[in-house]
Amino acid sequence: MTHLLGIDTGGTYTDAILLDDEAGVIVARAKALTTRPDLSTGIGAAIDAVMEQSGVAPSDVSMVSLSTTLATNALVEGQGGRVALVFIGFDETELKRADLSDALNGDPVIFAQGGHSHAGTAITDLDTDAIRHALESLFVKVSGVAIASRFATRNPSHEITVRDIVRDVLGVPVTCSHELSQALGGPKRALTAVLNARLIGLIDRLIAATEAHIEALGIDARLMVVRGDGALISAELARERPIETILSGPAASIAGAQWLTGAKDALVSDIGGTTTDICVLKDGVPKIDPQGAKVGKYRTMVEAVAMRTFGLGGDSEVSVIEGLEGGLRLGPRRVMPVSLFARDYPELAHTAMDRALTLETPSEEATQFVIAQWEKFPDGLDAREAAVASRLRDGPVRWIDAVQSRIEGPALARLVQQGLVMISGVTPSDASHTLGHMVDWDTSAAEKALTLFARRRIGSGERLSSGAEPLARTIIDRLTQQTTWSLLETALSEEGWDDPAQLARHPLMTAGLKNHQNIVRFDAGLAMPVIGLGASAQTYYGAVGTLLGCPTILPNNGGVANAIGAVVGQVAIHAEGTVTSGGAGAYRVHLPEGPAQFGDKDSALTALRLALTKQATEQAIASGVEEVRITESLNLREAQVEAQTMFIEATLRITARGRPRITT
């Protein structure tokens, strides 16, 4: 029998399913907590549990496929390794475009002479000596380097030369912008390359942990990874281009939702620990975002499903809105629920909170704890970061014991941003434990944390809430409200409305959802069902459907839809290139190794077609496809000038598809 093992690693849980490919049924499913920094523990626990439940021999597993939200979560939360950008042929003003400066967040930039024109000819020589010296003089230790050169999509030679220099000088992973996208727009390509470089270490650790465990179990099967458009790619390619795994988990969840429900038209909403990911399903197919995947505030050049990602999940941080009225806000930062922290560190959690409960007005940090996320003490910290980190050497501590002065607060924030430290605090998961909707972790700790949080004072001087249970209901109501806004924003954006975020929150929309009827009548809601996915969807999404006046579909296996979607997809490798006009009777083909000139259009297109087909086919075969199917898409731009046709540009896209080989 042929069995497929699907794994999804999210911010909170790692899911695993075993699918009988011939019968089309799920044989077993399991969940385990995602474990950071050592991902292998959580992955191993999920795989071991599903294999034990199924009784299937490791030798009968024919393919393993992995989806993940870790890359998405890292970008939403602003986490990842420190990187350097080598910016060739650009000036400092162009850092302000495409949110590039914001994404760098103080990481070093090396400006270098060089770059090419639109035609692919060098603007000026590449100053390799200056680049080498700048790399040797970097003021911080970096985990990766991004390289972006002007018009590298027309001629990548300067990026390739600098890549070799970086490898020689620093020996760290390198990302060239032309390898990620053939679209024009240097700063946006640079942004995509920077984010890719930032994610390389994270995805490499995930793949390595998965490979090590399946090998230890005796599973001799190819490991595939889900890309952001739902297609499968080899683990080797995912290591090189981790940016392509952003929205991997959501893309897999859509495939899983379609497989589970058979729905053709719906809003698919997948709530995890960190994010809620929403996509419109039409005619059983998700739309691909033509502008590139947007995660948080960053618009990348990564091809992915048209998914909107919101910083809202079961483990979103609960914070108080400043002002006289107070109120709550959820996210976008993920924290460890106090109920989960107390399960693992009961003495510290309960002793600290019991002491705080004796106070009439406990500190705002009374429910917060700090946990190290490193395997060994990190290098490259400044003095304040090192001081905070040193207090975590022997295990988690209270927030007030980690940060001993006001000026150390930003240092802790930087450690969190780099993924070296995690904060534990009040979350919707704690509210669900308090109300009895969840019983997985320490309910008593959740109740204590919410009791302390309820004693906080708002701007008017009043307490935030009268107690733990009323506060828990308020938190769940807030999650319902923010989920509703997210769904409406997605739907309004799909219909092309201006400023969908503001419209979703507009008082008239609120009135319409309540079926306002007086002198004026307002009626609003969703005209298609919502498919709720994720471990907590069964808990939260009934109220969401009621508020939006639409059916809510909650499939039985919706909590592992991502893992299901990971094994039902196909490999799809894209290769794209252009032919531009080189003047009368000249056609310039921009090949991966550089531009070449041809005397007629057909010869130029044939040369490009052969090069791209070879590139896509080789990558598909390397990903395990035996029967490769080739499709192409040609966008030809021509103009009529004085009754003559003038060639402007042609963009050719070759796609190699197929199912990955199933070992038998």
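Here, each number is a calculation from the coordinates, and none is a lab measurement. Nothing here was measured: the structure is a model prediction, and the numbers come from that model. Virtual Cβ from ideal backbone geometry, glycine too; neighbours counted across all protein chains shown.
Quick notes
- Modelled spin-label separation between A383 and D60, with each label point placed 7 Å from Cα along the Cα-to-Cβ direction: 6.4 nm.
- Point-to-point label distance, I519-V641, nm (Cα→Cβ direction, 7 Å offset): 6.3 nm
- Positive-pole candidate from Q417, T351, M438, dipole of the range 318-475, charges at beta carbon: Q417
- Charged neighbours of E649, selected by a Cβ distance under 15 Å, balance to +3 (K, R count +1; D, E count -1).
- Mean Cβ neighbour count within 10 Å, used as a protection proxy, ranking 33-39, 518-524, 406-412, 158-164 highest first: 158-164, 33-39, 406-412, 518-524
- DSSP bridge analysis restricted to the chain gives an antiparallel fraction near 70%, rounded to the nearest 5.
- Extension gain from R473 to K96, taking 0.36 nm per residue of separation minus the Cα-Cα distance: 131.5 nm
- Computed from phi, the 3J(HN,Hα) profile of the range 71-88 under the Karplus parametrisation 6.51, -1.76, 1.60 (θ = phi - 60°) reads 5, 4, 4, 4, 6, 4, 8, x, 9, x, x, 6, 9, 10, 10, 9, 10, 9 Hz, with x in place of Gly and Pro.
- Long-range HN-HN contacts of L591 with modeled amide H, under 5 Å: A596
- Gyration tensor over alpha-carbon atoms, the range 571-658, equivalent ellipsoid semi-axes in Å: 29, 13, 8
- Cα point-scatterer Debye curve for the range 278-423, base-10 log of I(q)/I(0) at q = 0.13 Å⁻¹: -0.77
- Built amide H within the under 5 Å cut-off of T2, gap 5+: D21, E22
- Of the peptides 395-405, 355-365, 20-30, 480-490, the ranking by mean beta-carbon count within 10 Å, highest at the top, reads 480-490, 395-405, 20-30, 355-365.
- Phi to ³J(HN,Hα) by Karplus 6.51 cos²θ - 1.76 cosθ + 1.60 over the range 486-501, Hz, x for Gly, Pro: 5, 5, 5, 4, 4, 5, 5, 5, 4, 7, x, 6, 6, 6, x, 5
- Helices in the chain, meaning DSSP H runs of at least 4 residues, each add -39500 (n - 2.57). Divided by all residues, the mean residue ellipticity at 222 nm is -11000 deg cm²/dmol.
- Couplings 3J(HN,Hα) of the range 189-200, computed from phi: 5, 5, 4, 4, 5, 4, 5, 4, 4, 5, 9, 4 Hz, in residue order, whole Hz [Karplus 6.51 cos²θ - 1.76 cosθ + 1.60, θ = phi - 60°; x for Gly and Pro].
- Unsatisfied cross-links (Cα-Cα over 26 Å) in the set K96/K141; K282/K614; K96/K294; K297/K448; K294/K601: K282/K614; K297/K448; K294/K601
- Average projection area in nm² (convex hull over Cα atoms of the chain, one quarter of hull surface): 33.4 nm²
- Computed about the Cα centre, the dipole magnitude for the range 318-475 is approximately 240 debye when only Lys and Arg (+1) and Asp and Glu (-1) carry charge, each at its Cβ.
- Seen from R391, the other residues with C-beta closer than 13 Å to its C-beta sum to a net charge of -1, counting Lys and Arg as +1 and Asp and Glu as -1.
- Residues whose amide H falls under 5 Å from that of L33, counting only those 5 or more places apart or on a different chain, are T14, with hydrogens built in the peptide plane.
- Partner aspartates and glutamates whose Cα lies under 14 Å from the Cα of K376, excluding those fewer than 8 positions away in the same chain, are identified as D38, D394.
- Projecting label points 7 angstrom from Cα along Cα→Cβ for T546 and A596 puts them 6.6 nm apart.
- Relative contact order (percent, whole number), the chain, Cα cutoff 8 Å, 6+ residue spacing: 13 percent
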